[in-house]
Amino acid sequence: MRLTRRDAIAVLAGLGVVGGGAVAVDQFDPPTAESGEMGETGDSGGDGSVSTTVTATMTAAAEVVYPSQTEGVSDFVETYVVGRARDESRRDAMRDAALELDDIARDWYGDDFADLSADDRDSLLRELGVAAADPVADGNVSERIRFHVVNELLYAFYASPTGGRLVGIENPIGHAGGTASYQRATMSKDDVERVGHVERVERAGDSEDVDGSVTDE
Amino acid sequence: MSNPAQTDRTPVEDADVCIVGAGPAGGIVAHRLAESGATVAVLEAGPRFDGDRQDQLEQHLRPGLDDPWDMGGPRDEFTSSGDSFYPLNAARVKGVGGSTLHWQGMVMRLHERDFELDSRHGVGADWPISYDDLRPFYAEAERELGVAGAMDNPYAPPREEPHPLPAFPPSHSDSIFAEACERLGIDMHSVPNARNSEPYDGRSPCVGYGTCKPVCPSGAKYTAESHIEKAESAGARVIDRARVRRLEHDSTGERVVAATYTTPDGETHRQTADQFVLGCGGVENVRLLLLSESGQYPDGLANSSGLVGRYFMDHLFAGMGGRLDRPTRQNHVGFNTSETHQFYDDAEPVNGLKLEFLNYAGPSPVIDALHADTWGDDLLAQLKANYGTHVAMGALVEQLPDEDNYVTIDPETTDDLGDPVPAVHWSIGDQTKAALERANEIQRTVLEELGADVEWAVGPDNTGPAFHHMGTTRMGDDPESSVVNAECRTHDLENLWIAGSSVFPTGGAMNPTLTIAALAVRLAQSVKQRVRN
Ligand SMILES: Cc1cc2nc3c(=O)[nH]c(=O)nc-3n(C[C@H](O)[C@H](O)[C@H](O)COP(=O)(O)OP(=O)(O)OC[C@H]3O[C@@H](n4cnc5c(N)ncnc54)[C@H](O)[C@@H]3O)c2cc1C
Ligand code: SF4
C-alpha cells in the first residue's frame, strides 16, 4: 500500500491547508534574530539543518507508527509536516517535540533517532511511555511526543482515504469523501485494488491541488 | 474567534426590538423582524466563531484539545441535583448560532397527539394551540432550516407540500435493517435532516466529513449563523460577548424597559427597546427571568404563577448495538438516514417514542487510532478487528412534565461576573423508565432478528438526556398555570416574549428545533404587529 503526496494534501485540505505541496521545508528553520523570536531548542542552525532533522525524525517515527506494508512514507510525511507547519504554533511545538525525541535518542541509544534501526525506534518510543501516554499538547515529554509526533502522524494516516481503505473505510471521518460511499455495500473495486497493490495511483496526483470538497469516487 | 477589542458593543439607539440570544430561536425572530423594517438589537453572550471550521474539526477528532465551542469555563458554571446528574455544558453552546453550532440536525414535526396529551390520555398537559395551528409555520420552518426529507413516513402528521430538499438516500446499513424490519412488520422511513442534500440557501451540499456533531466544516448542516447573517444584512445589529444579566421593568411593572449586559471590557450597558424577546435556551431563559427579580417581582420576572423553571423536561436516549458477521459500512457520514415512528402514538406506554437506525455505530478507525496504546501492525490489526461490522439503534423517549423537575438559580454559586448560576434539578421517573424499557425491547427484537450479537444497551438504568431543554416557561391560556400565552408572550409583562422550547407544555419525543423554529416564525409575526409604527 503506497501513500502519495496527494494523500497528504487531502488530509491537509480537511484541516484547512490548501496547496500543501507548495510550501518549502525550511519552514522549520529556527527563528532568527530578525524574525524577533528566540528559538527554544538551542539548535544553532539556520541553514535548514533543523528542518531536515524534523522531517527526518518525523519520517523515521512514521516508519514505526504506520503499518509495515506502507510505502511512500517519506514523501507523504514531508508533505504533511510541511503543510502543517503553516500553523506557527503547531510548527514550533512539533519541531520542539521532534528535536527532543532526537536528543533522547542520542542520550539513550547514542545516535540520531532517524539513524536508529526500526526496532530501536519502536523500543525507544515505548520505553519513553509514549504508547500509553495521553496526548497532551503542552504536557510532559511523553505526552508531547504522543501529541505532536505519534498522533499527528496517525491522524495524517488514518484520516486519509488511503489509510482508511486499509481498515475498510474509503471515506474516513474528517475526510470530505462525498455522500456515495455510505450507501455502498462494499468499497469500490478501485478502492479495493488500491489497498491490494498500488503502483497505479502512484504519484498520479502529485501536483494536484485538492480542496475540501474533492471526493475519491 | 472574534476579537474582544475590535467591536463596538454599545447599545443600539432607538431599538424597536431587543432579542437576547443568537441561536435559532433568536436568529429567526431577528431575521424576520429586521426584514420587516424594525430596528433590531441582538445580544449574544458567546462569541462569533468566525472563519472555517478546521480547528473545531481537529478539536473534535484529536484527543487532548479543548472543547470545540469553548464551553465549560467560569462563564458557564452550573449546579445539578436530583437523582440524575445533568451535564449542562455538553448540552448547549454559547455563541452566534447557539447550540446549533454543535447539534446533530434531525428535525421533525411533533405529532397531533403531542398538542393534546391531557385530553387524549389524561397525562401531561394540552398546548393552547393545535397541530393545525402550527402546521403552516412548520412548512415555513422547514424552508428556513433547509430540511431534506421525503413524504415516505406513514406515521408523520399531515403535510401538504414536500420538504424543500430531497431526503438523503438510505445507507447500506439501513438496507441491512430493512430485511429484519420487513420480517417483523416494522416500517422504516427517511429522516428529515436540516442538512443540505443539494446546495441550498447559499450553503454547500453535504460532502461527507462525517463530523456533523459537533461540527460541519462544509456548512451543509444548518446552523443559526445563517439567520444571524441574514438578519444583519437586513439591518439588525448583533452584539456578541454581550451577557445579559438583568431585565429592568417600568414603575407599573407591566413593561420591560431595558436589558443590562456586560461586555468583555467589563463595561455594563443598557439596551432599551419597545419589545423584548428571550431566546436564551430552556435553561438560561429561566435564569435571566429569576435574576431580574425586583421589589415588585421578588420571585423573578414573569413568575406570578411561580412556574418559571418548573416542568423541566428532556428526551431520554435508549440504544442498543452489536455486531454482525458482515460489513455494515458505518461512520462514513455523521447523520442518520432511517427511522421508524411506528410506535410513537402508542398508548402503552403513553410516552412518545421514536426509533433511529444509526449510521455511526461502533468506533471510527481514525478516532480509535488516536486513543490506542500501540501502533504499527498491531494497531492496524486492532483497528481492523474493531471496525466494520457494528450495527446500532437509538431511540428518543418522551419525559412527561413534572413540577419537581426544575431549573432555578443557585445563590450559593456564582459565575465569573458574580451572578448566581443555573441549577438543574432533574430525575427520571418510573413511567419514563418503562418507556425506555419498551424502546430497548423493540431494539432487541430487531437486532436479534438481524442475527446480531448484542454488545451494549442504554436503557432505564444508564440512560442520559438528549440535550433538549423544554418546559420551563410553559405556554397556556391560564396565567396561574403557565408563564406565556399562546402567542408566547408572558402573561405578566406585555412586551416580553419567549422564543424556544422552554414554552413547550409537553415535549413529545421528536427533536425540538423544528418546533422551536415554527414557533419563532409565528412569534415574529405577533411581535411585528406590536412594534411601534
Ligand atoms: C449535542 C446536541 C445535539 C443536538 N441535536 C439536535 C437535533 O438533532 N435536533 C434538534 O432538533 N435539536 C438538537 N439539539 C438541540 C438544539 O440545538 C436546540 O434545541 C436549539 O439550538 C435551541 O435553540 P435556541 O435558540 O432556543 O437556544 P440555543 O441554540 O441554545 O441558543 C441560545 C443562545 O442564547 C445565548 N444566551 C444565553 N443566555 C444569554 C444571556 N443571558 N445573554 C445573552 N445571550 C445569552 C447563548 O449563548 C446561546 O447562543 C441538539 C443539541 C445539542 C447540544
Ligand atoms: S457529513 Fe455532516 S459534517 Fe460532513 S458535510 Fe455532511 S453534514 Fe457536514
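Restricting segment B:221-234 to residues that are within 14 Å of ligand 1 (Cβ to nearest atom) and aliphatic (A, V, I, L, M), the residue that is farthest from A:ALA10 (Cα to Cα) is B:ALA231.
Take the conditions at pLDDT 95 or above, surrounded by 23 or more Cβ atoms within 10 Å (Cβ to Cβ), closer than 23 Å to B:PRO465 by Cβ and facing chain A (nearest Cβ under 10 Å) and apply them to B:ASN359. Does it pass?
Values: at pLDDT 95 or above: yes; surrounded by 23 or more Cβ atoms within 10 Å (Cβ to Cβ): yes; closer than 23 Å to B:PRO465 by Cβ: yes; facing chain A (nearest Cβ under 10 Å): yes.
Yes: the conditions hold for B:ASN359.
In segment B:389-408, which residues are assigned to a loop (DSSP other than H, G, I, E, B) and touching a Phe, Trp or Tyr at 6+ places or on another chain (Cβ under 8 Å)? If the condition is that a residue be assigned to a loop (DSSP other than H, G, I, E, B) and touching a Phe, Trp or Tyr at 6+ places or on another chain (Cβ under 8 Å), then B:PRO401, B:ASP402, B:GLU403, B:ASN405 are the ones that fit.
Give the residue that is least open to solvent (accessible area, probe 1.4 Å), with candidates limited to residues of segment B:116-127 that are assigned to a helix (DSSP H, G or I) and touching a residue at least 40 places away in the same chain (Cβ under 8 Å). For segment B:116-127, the residue satisfying everything is B:LEU117. Within the span defined as segment B:173-181, one or more residues are away from chain A (no Cβ under 14 Å) and touching a residue at least 60 places away in the same chain (Cβ under 8 Å). Candidates in segment B:157-187 are the residues that are within 16 Å of ligand 2 (Cβ to nearest atom) and polar (S, T, N, Q); of these, the one that is surrounded by the fewest Cβ atoms within 10 Å (Cβ to Cβ) is B:SER171.
Helices (runs of 4 or more DSSP H) wholly in segment A:78-179 with at least 2 residues that are aromatic (Phe, Trp, Tyr), in contact (Cβ under 8 Å) with a residue 60 or more places away in the chain and within 11 Å of another protein chain (Cβ to nearest Cβ) - which ones? Let's see the steps before the verdict.
Values: elements: A:88-109, A:118-127, A:141-145, A:152-158, A:161-167.
In segment A:78-179, A:152-158 are the helices (runs of 4 or more DSSP H) which contain 2 or more residues that are aromatic (Phe, Trp, Tyr), in contact (Cβ under 8 Å) with a residue 60 or more places away in the chain and within 11 Å of another protein chain (Cβ to nearest Cβ).
Going by the structure shown, is B:SER218 away from ligand 1 (no atom under 13 Å from the Cβ), part of a loop (DSSP other than H, G, I, E, B) and either within 14 Å of another protein chain (Cβ to nearest Cβ) or open to solvent by less than 40 Å² (accessible area, probe 1.4 Å) (or both)? In short, yes. Restricting segment B:37-91 to residues that are of a type in the set (Ser, Thr, Tyr) and more than 29 Å from B:LYS230 (Cβ to Cβ), which is nearest to ligand 1 (Cβ to nearest atom)? Taking the candidates together, the pick is B:TYR86.
Any chance segment B:474-490 includes a residue that's in contact with a helix residue (DSSP H, G or I) (Cβ under 8 Å, 6 or more places away or on another chain), assigned to a loop (DSSP other than H, G, I, E, B) and within 14 Å of ligand 1 (Cβ to nearest atom)? Yes; the residues of segment B:474-490 include at least one that is in contact with a helix residue (DSSP H, G or I) (Cβ under 8 Å, 6 or more places away or on another chain), assigned to a loop (DSSP other than H, G, I, E, B) and within 14 Å of ligand 1 (Cβ to nearest atom).
Restricting attention to segment B:44-60, report how many residues are aliphatic (A, V, I, L, M) and either without any contact (Cβ under 8 Å) to a residue 60 or more places away in the chain or open to solvent by 20 Å² or more (accessible area, probe 1.4 Å) (or both). Steps first, answer last, please.
We begin by selecting, within segment B:44-60, every residue aliphatic (A, V, I, L, M); these are B:45, B:57.
Narrowing further to those that are either without any contact (Cβ under 8 Å) to a residue 60 or more places away in the chain or open to solvent by 20 Å² or more (accessible area, probe 1.4 Å) (or both): B:45.
Of the residues in segment B:44-60, 1 are aliphatic (A, V, I, L, M) and either without any contact (Cβ under 8 Å) to a residue 60 or more places away in the chain or open to solvent by 20 Å² or more (accessible area, probe 1.4 Å) (or both).
The set of residues in segment B:134-153 that are in contact (Cβ under 8 Å) with a residue 60 or more places away in the chain and not aliphatic (A, V, I, L, M) comprises B:PHE137, B:TYR138, B:GLU140, B:GLU142, B:GLU144, B:GLY146, B:ASN153.
Looking only at residues of segment B:61-109 that are within 14 Å of chain A (Cβ to nearest Cβ) and within 16 Å of ligand 2 (Cβ to nearest atom), we find that the one that is surrounded by the most Cβ atoms within 10 Å (Cβ to Cβ) is B:LEU61.
So if I check each of B:GLU248, B:GLU293, which one is out of contact with any His (no Cβ under 9 Å at 6 or more places or on another chain), over 26 Å from B:SER99 (Cα atoms) and assigned to a strand (DSSP E or B)?
When all the criteria are applied, what remains is B:GLU248.
For A:SER123, the conditions (1) under 26 Å from B:HIS60 (Cα atoms); (2) surrounded by fewer than 18 Cβ atoms within 10 Å (Cβ to Cβ) are fulfilled apart from (1).
Has segment B:436-450 got at least one residue that is part of a loop (DSSP other than H, G, I, E, B), more than 16 Å from ligand 2 (Cβ to nearest atom) and either without any contact (Cβ under 8 Å) to a residue 40 or more places away in the chain or open to solvent by 50 Å² or more (accessible area, probe 1.4 Å) (or both)? No, every residue in segment B:436-450 fails to be part of a loop (DSSP other than H, G, I, E, B), more than 16 Å from ligand 2 (Cβ to nearest atom) and either without any contact (Cβ under 8 Å) to a residue 40 or more places away in the chain or open to solvent by 50 Å² or more (accessible area, probe 1.4 Å) (or both).
For segment B:267-274, state whether one or more residues are more than 14 Å from chain A (Cβ to nearest Cβ), assigned to a helix (DSSP H, G or I), touching a strand residue (DSSP E or B) at 6+ places or on another chain (Cβ under 6 Å) and open to solvent by less than 10 Å² (accessible area, probe 1.4 Å).
Filtering segment B:267-274 down to residues more than 14 Å from chain A (Cβ to nearest Cβ) leaves B:267-274.
Add one more test, that the residue is assigned to a helix (DSSP H, G or I), and what stays is none.
Within segment B:267-274 (the criterion being more than 14 Å from chain A (Cβ to nearest Cβ), assigned to a helix (DSSP H, G or I), touching a strand residue (DSSP E or B) at 6+ places or on another chain (Cβ under 6 Å) and open to solvent by less than 10 Å² (accessible area, probe 1.4 Å)), the answer is no, since none of the residues qualifies.
Within segment B:198-208, the residues that satisfy the criterion of being more than 16 Å from ligand 1 (Cβ to nearest atom) and in a loop (DSSP other than H, G, I, E, B) are B:GLU198, B:PRO199, B:ASP201, B:GLY202, B:SER204, B:PRO205, B:VAL207, B:GLY208.
Given the criterion under 23 Å from the mean Cα position of the chain (by Cα) and exposed (fewer than 14 other Cβ atoms within 10 Å of the Cβ), identify the matching residue among B:SER130, B:SER190. Break it down into steps so the answer makes sense when it comes.
On the way: B:SER190 fails: exposed (fewer than 14 other Cβ atoms within 10 Å of the Cβ).
Selected residue: B:SER130, the only one of B:SER130, B:SER190 that is under 23 Å from the mean Cα position of the chain (by Cα) and exposed (fewer than 14 other Cβ atoms within 10 Å of the Cβ).
Taking segment A:105-119 as the range and being surrounded by fewer than 18 Cβ atoms within 10 Å (Cβ to Cβ) and at negative phi as the test, the residues that pass are A:ARG106, A:ASP107, A:TRP108, A:TYR109, A:ASP111, A:ASP112, A:ASP115, A:SER117, A:ALA118, A:ASP119.
One residue is enough: does segment B:373-388 have a residue meeting the conditions open to solvent by 10 Å² or more (accessible area, probe 1.4 Å), part of a loop (DSSP other than H, G, I, E, B) and more than 7 Å from every other protein chain (Cβ to nearest Cβ)? No, there is no match, as no residue in segment B:373-388 is open to solvent by 10 Å² or more (accessible area, probe 1.4 Å), part of a loop (DSSP other than H, G, I, E, B) and more than 7 Å from every other protein chain (Cβ to nearest Cβ). Criterion first (modelled with pLDDT of 95 or more, under 25 Å from B:VAL215 (Cβ atoms), surrounded by fewer than 22 Cβ atoms within 10 Å (Cβ to Cβ) and within 16 Å of ligand 1 (Cβ to nearest atom)) does B:PHE317 satisfy it? When the stated conditions are applied, B:PHE317 passes them.
The values are calculated or read from the model by the stated rules, or taken from the named source; none is laboratory data. The shown structure was predicted, so the numbers you read here are calculated from the model rather than taken from an experiment. Virtual Cβ from ideal backbone geometry, glycine too; neighbours counted across all protein chains shown. Note: accessible area is taken over every heavy atom of the protein model, side chains too, but ligands, DNA and RNA are not part of it. Shrake-Rupley method; radii C 1.70, N 1.55, O 1.52, S 1.80 Å.
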